[in-house]
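Chemist: Structure below; questions to follow.
The values are calculated or read from the model by the stated rules, or taken from the named source; none is laboratory data. Here the structure is a predicted model, which means the values were calculated and not measured. Neighbour counts are summed over all protein chains in view; Cβ atoms, including those assigned to glycine, are modelled from backbone coordinates with ideal geometry. Just the protein is used for accessible areas: all its heavy atoms, side chains included, with ligands, DNA and RNA removed. Shrake-Rupley method; radii C 1.70, N 1.55, O 1.52, S 1.80 Å.
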Number of protein chains: 2
Amino acid sequence: MAKGQKRLTQRDVAKAIGMSDMTVSRVLAGRGVVNSKTREKVLKAVAEMGYVPNRVAGSLASARSNQVGVVLPSITVGIFPDVAAGIAMELEKAGYNPVIGITDYDPDREERLIESMLSWNAAGMIVNDFVHTRRAAKLLSMSPAPVVEIMQVAGDPIDHCVGFNHFEAGAELVRHLVSRGYRRFGFLGWHGMEFAASARFEGVQTVLSQAGFELFAPSWYNAPPGIEDGTQGLRELRAARPDIDVVIFGNDLMATGGYLLSMKMGWQVPADIALAGFGGMEIGQSLSQKLTTIDFPRQGVGRTAARTILNLLVGQAMPKVREFPFDLLIGETA
Amino acid sequence: MAKGQKRLTQRDVAKAIGMSDMTVSRVLAGRGVVNSKTREKVLKAVAEMGYVPNRVAGSLASARSNQVGVVLPSITVGIFPDVAAGIAMELEKAGYNPVIGITDYDPDREERLIESMLSWNAAGMIVNDFVHTRRAAKLLSMSPAPVVEIMQVAGDPIDHCVGFNHFEAGAELVRHLVSRGYRRFGFLGWHGMEFAASARFEGVQTVLSQAGFELFAPSWYNAPPGIEDGTQGLRELRAARPDIDVVIFGNDLMATGGYLLSMKMGWQVPADIALAGFGGMEIGQSLSQKLTTIDFPRQGVGRTAARTILNLLVGQAMPKVREFPFDLLIGETA
DNA sequence: TTGAAAGCGCTAACAT
DNA sequence: ATGTTAGCGCTTTCAA
């Protein structure tokens, strides 16, 4: 327990083995050629002395870093946990670390996080969607670090983007529901500060209005809705419009809430009321009846976003827009 | 879009307004006195030029930083999302940023993350539990940064700890169940690389063996179990021992899986089978019958851990051990 | 294969 | 209230 003791430097290690600090640097950074005996001596001394390199100094001198900034609205909700896991996995394999920042859907907080990460020499940036403050967008576009915007593809990326066609996702879900014979549609969605959710809604809306079917969308939530919101929302929707025969929820958590309510009330699913979600999350597939939903390969997007950064860093050209396919999961609820 | 352009420095800003770089530094760092006219000129130039301070250089020069390392097993599972949210909230108020690392319950990964954060001059460290590799523990104890170990209190902290008495939590839950008349106990737990889960189990075990009641604990999971594991586990447990009258699950997610299975099978809860969990998570309280569980004030622990770091950084002494109370939530399932 | 000198961009400490 | 000097701990570059 040596709290407050002065931190060791490369020079301390070098002195201990009678070498110059440059030799220690070469061993630790893995650059340049070092005699293998010397290398071993260095590594032994480093281990024994408990030396921890000061990457702040290293990064200042080299103007490089192995940190990739990852700025997401949330890390607990919906698709983001898996996206983040995919990013972390891929970066780690290449010796890079994600530095994660959470915006809580607040663009100002996003701006601050982006600035902070850039000020720490981030080697690359992964950010959500195309919604940024003007200054955040400027900082990202001026930075030498490659930038990948994820989740969405319908927009003009600062550098690169990797994501899904959410409009099509909404459209495909509705086409399935229509093919099942549903005619009176309810929708319980939410307004995030992102294009993705609204794009899905537009897909739903477009197909329905082309088919000439009704869409009843009474409730819009401002925060990412959870199970309870789905329960509440469905209860109110059915009270207002008992004739609706299928309800699409903004995410699988809400749909789960709707399903739990249906069981409690003794409504037959899908005969009395059919239910569908978005996301493909575990909980929806763990219900007594599997949820019909759109599965987004969340981890895949994360991995691809990370790979894009890594490839760009070694000078490999990458496509500006990378669209990922999604899957319609046909469950037993719609 | 000026990708790759050379990054502006304080000196560039200073030159633009005919001042020395030190003046710019003083304004931006908020240290020392600056004429308010000068300050405004500086801020205007900074905004116009889109200058982003290089904190790597700043941190090297000052040997300080506003980054607090937060190393957790997971950010998506159980109590950790809320803990992390509490930490982030409290740090942010004080102008500090959390740098989050995820170990996935892998001690080697934890060691690497801790080393990485210390090598970046972390101002403080928040880590989970008392289980670390020897080297990780050494790095933490040698570092000048204050260290807070969270979740647990039964152990010897490196510097400080903030957490719960998990043994008591297990004991209290069982005392409640015993008072309800249950006699044949099932337990579906899991072995994390942490003391918390095993301490809870010991609390359960101790009270039961004192009371002379039976404990049947067949399944142990190695990864954080989810809904599906609870479903599966309860199905097998009931097949093996139909006489068990109450099952305690390692977490609320598993308990939810058990509850969903019970509904599907038509088992009356709690008459045929009573169910209890640990955690106090939303999902357990959203079921048709509220789950009986132990609620840990997760956000509070996070906030307190962060406050501990912040106070230590300004030289304020803090207690070595801080125990947080938990709550028995008596629901309708046991 | 190793060492010496210079400097990354900022801040501490001292001077004015 | 502002400027000057020195140096944080490393890497780059060049020399031996």
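Chemist: Give the residue that is nearest to DNA strand D (Cβ to nearest atom), with candidates limited to residues of the stretch A:5-31 that are within 14 Å of chain B (Cβ to nearest Cβ), of a type outside the set (D, E, K, R) and in a loop (DSSP other than H, G, I, E, B).
Modeler: A:Thr9
Chemist: Would you call A:Leu253 at pLDDT below 95, within 12 Å of another protein chain (Cβ to nearest Cβ) and buried (at least 24 other Cβ atoms within 10 Å of the Cβ)?
Modeler: Working: at pLDDT below 95: yes; within 12 Å of another protein chain (Cβ to nearest Cβ): yes; buried (at least 24 other Cβ atoms within 10 Å of the Cβ): yes.
The answer is yes for A:Leu253.
Chemist: With the requirement that a residue be free of Cβ contacts under 8 Å to residues at least 24 places away in the same chain and out of contact with any helix residue (DSSP H, G or I) (no Cβ under 8 Å at 6 or more places or on another chain), what does the stretch B:120-171 give you? If you could, list the steps in order and put the result at the bottom.
Modeler: Step one: list which residues in the stretch B:120-171 are free of Cβ contacts under 8 Å to residues at least 24 places away in the same chain, which gives B:134, B:137-138, B:141-142, B:144, B:147, B:149, B:158.
Passing the criteria: B:Arg134, B:Ala137, B:Lys138, B:Ser141, B:Met142, B:Pro144, B:Glu149.
Chemist: Hey, among A:Glu214, A:Glu172, A:Glu168, which residue is under 29 Å from A:Asp106 (Cα atoms), open to solvent by 50 Å² or more (accessible area, probe 1.4 Å) and out of contact with any Pro (no Cβ under 8 Å at 6 or more places or on another chain)?
Modeler: On the way: A:Glu214 fails: under 29 Å from A:Asp106 (Cα atoms); A:Glu172 fails: under 29 Å from A:Asp106 (Cα atoms).
None of the other options fit; the residue is A:Glu168.
Chemist: Let me ask you something else. Every residue in the stretch B:53-79 that is open to solvent by 10 Å² or more (accessible area, probe 1.4 Å), facing chain A (nearest Cβ under 8 Å) and of a type in the set (A, V, I, L, M), please.
Modeler: B:Ala57, B:Leu60, B:Ile75
Chemist: Within 40 Å of the chain's Cα centre (by Cα) and of a type in the set (A, V, I, L, M, F, W, C): is that true of B:Val70 in this structure? Break it down stepwise before answering.
Modeler: Working: within 40 Å of the chain's Cα centre (by Cα): yes; of a type in the set (A, V, I, L, M, F, W, C): yes.
Yes, satisfied.
Chemist: Okay, next question. Please tell me if A:Ala169 is in contact with a strand residue (DSSP E or B) (Cβ under 7 Å, 6 or more places away or on another chain), under 28 Å from A:Ile126 (Cα atoms) and modelled with pLDDT of 95 or more. Before the answer, list the steps.
Modeler: Numbers: in contact with a strand residue (DSSP E or B) (Cβ under 7 Å, 6 or more places away or on another chain): yes; under 28 Å from A:Ile126 (Cα atoms): yes; modelled with pLDDT of 95 or more: yes.
Taking the combined requirement at face value, the residue satisfies it.
Chemist: Are any of the residues in the stretch B:33-46 in a loop (DSSP other than H, G, I, E, B), away from every other protein chain (no Cβ under 12 Å) and open to solvent by 30 Å² or more (accessible area, probe 1.4 Å)?
Modeler: Within the stretch B:33-46, the subset in a loop (DSSP other than H, G, I, E, B) is B:33-35.
From the residues that got through so far, the ones that are away from every other protein chain (no Cβ under 12 Å) too are B:33-35.
Subset that is open to solvent by 30 Å² or more (accessible area, probe 1.4 Å): B:33, B:35.
Checked the stretch B:33-46: at least one residue is in a loop (DSSP other than H, G, I, E, B), away from every other protein chain (no Cβ under 12 Å) and open to solvent by 30 Å² or more (accessible area, probe 1.4 Å).
Chemist: Can you report the number of residues in the stretch B:77-101 which are farther than 14 Å from B:Met117 by Cβ and either of a type in the set (Phe, Trp, Tyr) or outside the structural domain of B:Arg112 (by TED's automatic domain parsing) (or both)?
Modeler: Selection size over the stretch B:77-101: 1.
Chemist: Now for a separate question. Being open to solvent by 30 Å² or more (accessible area, probe 1.4 Å), within 11 Å of chain A (Cβ to nearest Cβ) and under 28 Å from A:Ser74 (Cβ atoms): is that true of B:Arg135 here?
Modeler: no
Chemist: For the condition under 24 Å from A:Ser62 (Cα atoms) and more than 16 Å from DNA strand C (Cβ to nearest atom), what is the one hit in B:Gly69, B:Gly18? Let's see the steps before the verdict.
Modeler: Details: B:Gly18 fails: under 24 Å from A:Ser62 (Cα atoms).
The unique qualifying residue is B:Gly69.
Chemist: Return the total of residues in the stretch B:103-116 being under 15 Å from B:Ile75 (Cα atoms) and open to solvent by 50 Å² or more (accessible area, probe 1.4 Å). Outline the logic, then answer.
Modeler: Kept after step one, since they are under 15 Å from B:Ile75 (Cα atoms), are these residues of the stretch B:103-116: B:103-106, B:109-110, B:113.
Next, only the ones that are open to solvent by 50 Å² or more (accessible area, probe 1.4 Å) stay: B:104, B:109.
Qualifying residue count for the region: 2.
Chemist: Just one of (1) in contact with an Asp or Glu (Cβ under 6 Å, 6 or more places away or on another chain); (2) under 22 Å from B:Phe201 (Cα atoms); (3) not assigned by TED's automatic domain parsing to the domain that holds B:Ala217 trips up B:Thr333, so point out which.
Modeler: Unmet for B:Thr333, out of (1) in contact with an Asp or Glu (Cβ under 6 Å, 6 or more places away or on another chain); (2) under 22 Å from B:Phe201 (Cα atoms); (3) not assigned by TED's automatic domain parsing to the domain that holds B:Ala217: (1).
Chemist: How many of the residues in the stretch A:260-315 are in a loop (DSSP other than H, G, I, E, B), surrounded by fewer than 23 Cβ atoms within 10 Å (Cβ to Cβ) and either within 14 Å of chain B (Cβ to nearest Cβ) or touching a strand residue (DSSP E or B) at 6+ places or on another chain (Cβ under 8 Å) (or both)? Break it down into steps so the answer makes sense when it comes.
Modeler: Filtering the stretch A:260-315 down to residues in a loop (DSSP other than H, G, I, E, B) leaves A:266-273, A:277-278, A:280-281, A:287-291, A:296-297, A:314-315.
Right, trim to surrounded by fewer than 23 Cβ atoms within 10 Å (Cβ to Cβ) and you get A:266-272, A:280, A:288-290, A:297, A:314-315.
Cutting the leftovers down to either within 14 Å of chain B (Cβ to nearest Cβ) or touching a strand residue (DSSP E or B) at 6+ places or on another chain (Cβ under 8 Å) (or both) gives us A:266-267, A:269-270, A:280, A:288-290, A:297, A:315.
Number satisfying all stated conditions: 10.
Chemist: Show the residue pairs that are 6+ apart or on different chains and have beta-carbon atoms under 9 Å apart, the first residue being within the stretch B:23-42 and within 9 Å of DNA strand C (Cβ to nearest atom), the second being assigned to a loop (DSSP other than H, G, I, E, B) and small (Gly, Ala, Ser).
Modeler: Once the first residue is within 9 Å of DNA strand C (Cβ to nearest atom) and sits in the stretch B:23-42, its partners that are assigned to a loop (DSSP other than H, G, I, E, B) and small (Gly, Ala, Ser) give B:Ser25/B:Gly32; B:Arg26/B:Gly32.
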